[in-house]
1. Residue 16: which aspartates and glutamates have alpha carbons under 12 Å from its alpha carbon, excluding same-chain residues fewer than 8 sequence positions away?
2. Let me check against my output: what whole-number percent is the relative contact order of the chain, with C-alpha pairs under 8 Å and at least 6 apart?
3. Only four residue types carry charge here, +1 at the Cβ of Lys and Arg and -1 at the Cβ of Asp and Glu. Report the dipole size of the stretch 442-482 about the Cα centre in Debye, rounded to the nearest 20.
4. Which residues' amide hydrogens lie under 5 Å from the amide hydrogen of residue 37, considering only partners 5 or more residues apart or on another chain, with H built in the peptide plane?
5. Using the Cα centre of the chain as origin and beta-carbon charges of +1 (Lys, Arg) and -1 (Asp, Glu), tell me which of 139, 379, 63 is placed farthest towards the positive end of the dipole.
6. Whats the longest run of the chain with zero GluC sites (Glu not before Pro) that are DSSP loop and have at most 10 other Cβ atoms within 10 Å?
7. How high is the relative contact order of the stretch 190-295, in percent, counting Cα pairs under 8 Å that sit 6 or more residues apart?
8. If you project the alpha carbons of the chain onto their three principal axes, what span does each projection cover, largest first, in Å?
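Please treat every number below as a calculation from the coordinates, not as lab data. Quick caveat: nothing in here was measured; it's all calculated off a predicted structure. Positions of Cβ are backbone-derived with ideal geometry, glycine not excepted, and every protein chain shown enters the neighbour counts.
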Amino acid sequence: MVINRWNSAIQNALKKTRGLNDVVVTWSRPSDAAHGDIATPVALQIAKQVGAKPVEIAQELLTSLQGQPGVEKVEIAGPGYINVWLSPEGHLERLQSSIVASEAIAERKEAPVIVEYSQPNIAKPLGVHHLIGTVVGQATANLYQHAGYKVIRWNYIGDWGTQFGKLAVAYEKWGGKKSVKDHTIDELLALYVRFHDEVEKDASLEEQGREAFRALESGDKTLRTFWADVVAVTKASLADVYSRLHVRFDLDLGESFYEDKMAPVLAEGKKKAVFTEGEGGALIVQFPEDKNMPPYLVLKGDGATLYSTRDLAQMRYRIDTYNPQEILIFTDIAQKLHFEQLVETCVMLGWELPRFQNVLFGRMRFADSSMSTRKGNILSLEQVLQEGVARAAKVIADRGEAIQTDDADALAEMMGVGALVYGILSQNRKQEIVFDWEKMLSFEGNSAPYLQYTHARACSVLRKAEMETVALPKKAEALSAHERDVVNTLVGFADALQQARKEHMPHILANYLYALCQSYNAFYNADPILTAQGTTRDLRLALTSLTAKVLRCGAELLTLRMPDRM
Ligand code: ARG
């Protein structure tokens with residue numbers, strides 16, 4: 001590639017004149033187009049080492065770059081930056097990288113990466129707050145897969161624990177004659193909520209719930225059947241929502257799966273004296289003082305296992321079964337301490353862990369206060385999806401002739417669901433995530449409809465040119481400022497993908513796609529495409545085709561769907 005050849009030229013020059021070997025040369029795009037297409041601070045970076053003025057070194061390197069294929073002009077700027085303008089041929093060659101980046105790399109034969117996300121608790125519908133972990137996790141898993149990793153997408157469902165005991169008690173008391181299987185997920189939730197209301201009046205219910213869970217754990221047949229039915233009802237309702245979100249899993253082995261895998265871990269911990277007796281016969285882990293962590297409860301005094309017990313068994317199982325190179329677990333910030341304790345416990349047990357990260361995300365805040373104060377404990381994700389699609393349908397209807405579609409319902413689904421998902425994914429997961437209908441469904445600004453509209457616009461240009469995809473031309477004239485901007489943005493795709501994946505920050509990709517749309521729309525408004533002539537028209541159509549391709553690829557990695565017409 002062009003840049004690699006320049007790097008060799010720079011390295012050779014530095015070797016000859018300064019006696020330096022294998023200097024790493026980095027390039028980035030100047031924020032101001034007046035500073036060229038690409039710039040390197042290499043002269044500044046090595047100045048100290050060679051004891052020369054950066055400008056002096058830059059001057060030598062400038063000479064070595066001039067006349068290189070792909071270089072149109074080189075300038076030294078500021079204290080010693082080297083700014084380069086590419087020739088039309090240089091641009092065309094460099095654009096190849098964005099074509100390459102938009103194709104998924106074939107899966108490499110190496111250890112898998114386990115990505116765990118969503119993880120709802122059974123017997124409750126998915127709440128809108130689940131949207132963050134679900135889509136950030138899915139997008140990250142997609143990015144890994146696109147980069148050639150073998151990915152195991154894991155939904156570690158919360159299908160075990162005291163809440164089942166409580167639900168069983170509630171069902172027996174207020175469930176009526178209807179079988180569990182005939183309950184909807186919302187009815188199950190209502191029972192659970194009722195339990196919590198009634199506990200206020202009758203505290204003995206709490207003990208009954210605990211007792212029922214103990215009986216379930218010791219294998220009570222009726223309770224087992226009850227449990228299996230509740231799990232089935234919940235999973236069916238989850239499947240609907242996941243499919244609308246384009247979220248999928250390879251495994252949904254939840255907490256219950258580890259029922260028989262906890263005893264060996266408990267035995268190991270006791271034998272290694274990592275688990276010690278705490279109050280009332282409980283088992284705990286005490287961490288070294290410098291770790292500054294409270295003790296970790298791994299078995300209750302009455303012998304009941306806990307969330308922590310199952311997570312220990314889960315770690316052991318994943319390592320033994322999959323030998324993964326990396327495990328990522330997406331959770332909200334509230335679980336930070338739990339995972340720090342979990343990892344430290346594994347270390348104390350002498351387990352060899354793969355790379356591990358508890359990828360944290362912030363809480364959700366509603367711009368519209370009526371949403372956070374709605375009745376009921378959970379704002380169900382299904383309802384929110386429904387509302388998103390209804391709002392999108394209204395936007396489509398209001399725009400009238402300005403929107404062209406053969407299937408308004410399908411478009412509303414794409415737009416409504418996309419708006420919600422993109423509204424989340426375009427924000428930095430580490431911060432508070434703001435839920436704002438207006439912003440999510442706006443046609444201006446960083447929103448799904450804006451991306452979708454831009455994609456449809458590019459497709460429409462190609463349709464009018466009667467072309468589907470356009471290959472890069474072999475030759476080009478000098479580029480206009482807008483063409484240059486689109487090219488320089490397109491070539492940033494590979495970096496955006498890589499950075500978003502490495503940092504588990506899909507919003508980096510979202511922001512990139514937004515910037516690409518802005519560049520493309522500015523170009524579309526300034527430079528005629530279909531009425532242009534010769535190689536200019538070829539290049540403009542090729543940029544249109546490549547923009548559509550990159551947008552579709554990037555958006556799909558973020559689980560969005562892009563319409564061809566809108
Ligand atoms: N089900 C849990 C919850 O809703 C999250 C599970 C996180 N994953 C884990 N391996 N503990 O709080």
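1. 60
2. 15
3. The dipole magnitude comes to about 120 debye.
4. 84, 85, 86
5. 63
6. 111-351
7. Relative CO of the stretch 190-295 lands at 8 percent.
8. Sorted from largest, the Cα extents of the chain read 84, 64, 41 Å.
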